[in-house]
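Just so it is clear, none of the values below were taken in a lab; they were calculated from the coordinates. Predicted model, so just to flag it, every value in this text is computed and none were measured. Every residue, glycine as well, gets a Cβ built from its backbone with ideal geometry; the counts of neighbours run over all protein chains shown.
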Amino acid sequence: MGKQRPSFDRPECSDNSAPICGSDCCITETLDGKRAKDDVDPSSRHLREQQTDIQELVVIGAGPHGHALLLRLLEPDADFLSDKERHIQAEYTDRMRPLKEVVQHVRKLSRGPRAILRTPSKKSQRGKKKCEKSAPPPLTLEEVQKSVLVVDAHGGWMRGWKENFKSLRIETLRSLMNAHTDPFDHRSLEFFAEAKGRGEELVTLPSLSQRDKLFKGPYQVPSTAIFNRFHEVLSRAYGIEDAVCTGTVQSINPIQEDEESVTDEPIFEVKIAFGKNSPHGSPTDVRTVRTIYSRRVVFAMGPMFRPLEAPWEASLRQELGADHSALRRILHAHQILPFVNKALEVNTNDLMKRVLVVGGGITSAQLALLAKKSSWCKEVTLIQRSKMVPRHFDIDNMWMGPKRGKLQEDFWSLDMQERAQRLKEARGGGTIPPETIQELLRCRSTQLQVKEEVEILEVHWTDGRFHISLDDGSECEPYDMIWLATGAQNHIDHYSALSHLRRILPVSVTNGLPVLNTDLSWRAPVGEETTDEPIWKQVARERIWCMGALAALELGPDALNLIGARHGSVRVAEAIRRDCDNQRDKIDSLDVGEDEDCGCC
């Protein structure tokens, strides 16, 4: 929609006779600087057009947060309620969306975009409650297909999520059945399961107190199978099942679209390595690197946890040397599942016969149970430095109940340092759902041992195994591997894709998290909002947003969770829809002006 696109060097056709074209002969830059055949993921149906067009939006990350955002951009009658408004409606059911409308919505999901994206009738709009604010118009499916690019390293909606759940054999979610990405109504997953005759897959948590004044339900969590199925149906219903391109964003560079223009419009140069990156760093991987230009960017990646090294790890590294092969048998949480899957694939599972798992949260418990139930592990020991802490959710129950709105208002009244402290208090340390603890205790045997309130004192590598000394003086059998699901820190510095952006558009950071605006856009450093920053940079800040873990200082302790995906998508989708609507108005006014002053009469 701009008048001039930033200039950049275009690769030539392989026959040196023409600029790059859409045929197989065309070549482009690869990660190692060489030129190779274009092998971009076939799901990127409009990728070639993006070589010459400016995109309206690039979404980085195809997990629940990115999925919730795109659906809310498309839904004509989306729920844009705040969490407080939603809980008030739940207390007074006459204020909620009529059940008939939710049932109709669920039925229409099977009929595809033509049914689901139909604009609501004026009659249904007149029936809206006064408390429901009107939202800016949605994006059309054609606009999304032509000018919205979603990039994710796994190449599909929630594919990384699904792979982890499958590898860990997780049968139910740790989130309630009202936590999902459907933008229409928070009850739609419940109605979907019932309509499909799968209501039994909404599993009641027997140990979740039904008399807790701080939490009044629902008391059911969905099975992994029904949750995944529901979201696959959502993707098809809204026409975005093939919207995700496989790739990794390397940098984001904000520039002025046209330095000679008086409009001060910014543009983002997004450098992307398209193609799947091998977790094992295979030198034969060929990925094409391209620069995509976009007017807006949403950063919806998951957390980038960097594990903290324990004292015994540092001592062992110093004793053996940094390149010793034994150190490759000490794995941190993000390394474990890729290693296990690869070991089973190439039949080297003899390295995992005796495993020590360290950690006090749900991940360590899931890993211990995975090893216990496997055919490749003969003995697994789970140790943690405290007693197991039972908790259904990874935040306190009160954040999930009717007091949530009040808790959020109290949170927003705090300064940033106080918010960071509140985040730490609300999430606490590692916790495990009571049902998982019960399963651990049932599975205790000679094959699975659980030791609480102990820590590793020393580790030595002898005769091809780790020999462990614990601080309680107890003896441990030697182990083939050590899996560490211990504390890790998420920090904005861990996101290399944001490094260049932060140099051009600095942002304040508190406890590793960026300080954002209320709509989750990129806020100027606190105390410097009135500096002489060029107008195009000020506008650029309004057109890049963060969702998920990086938005915790604004969204609260569950920013990373499915509830946080809904909360964040409400704020960001409303901002994007309004910005796109304003842009359409500007273009319309320019077109009218040109018609009036055409000079042809």
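Listing for the model above:
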| quantity | calculated |
| --- | --- |
| Across LYS276/LYS372; LYS372/LYS451; LYS146/LYS586; LYS162/LYS387; LYS276/LYS373, pairs whose alpha-carbon gap is larger than 25 Å | LYS276/LYS372; LYS162/LYS387; LYS276/LYS373 |
| Extension gain, LEU320 back to TRP412 (0.36 nm per residue minus Cα-Cα distance, nm) | 28.2 nm |
| Calculated SAXS-style log₁₀ I(q)/I(0) at q = 0.25 Å⁻¹ - the stretch 393-433, Debye, Cα scatterers | -0.90 |
| Ratio of the Cα radius of gyration of the stretch 367-420 to 2.2 N^0.38 Å, where N counts its residues | 1.89 |
| Long-range HN-HN contacts of LYS451 with modeled amide H, under 5 Å | LEU382, ILE383, GLN384 |
| Principal semi-axes in Å for the stretch 296-423 [√(5λ), Cα gyration tensor, largest first] | 36, 20, 17 |
| Percentage, to the nearest whole number, of Cα pairs in the stretch 399-491 over 16 Å apart | 73 |
| Approximate spin-label separation LEU344-ILE88, in nm, with each point projected 7 Å along Cα-to-Cβ | 4.9 |
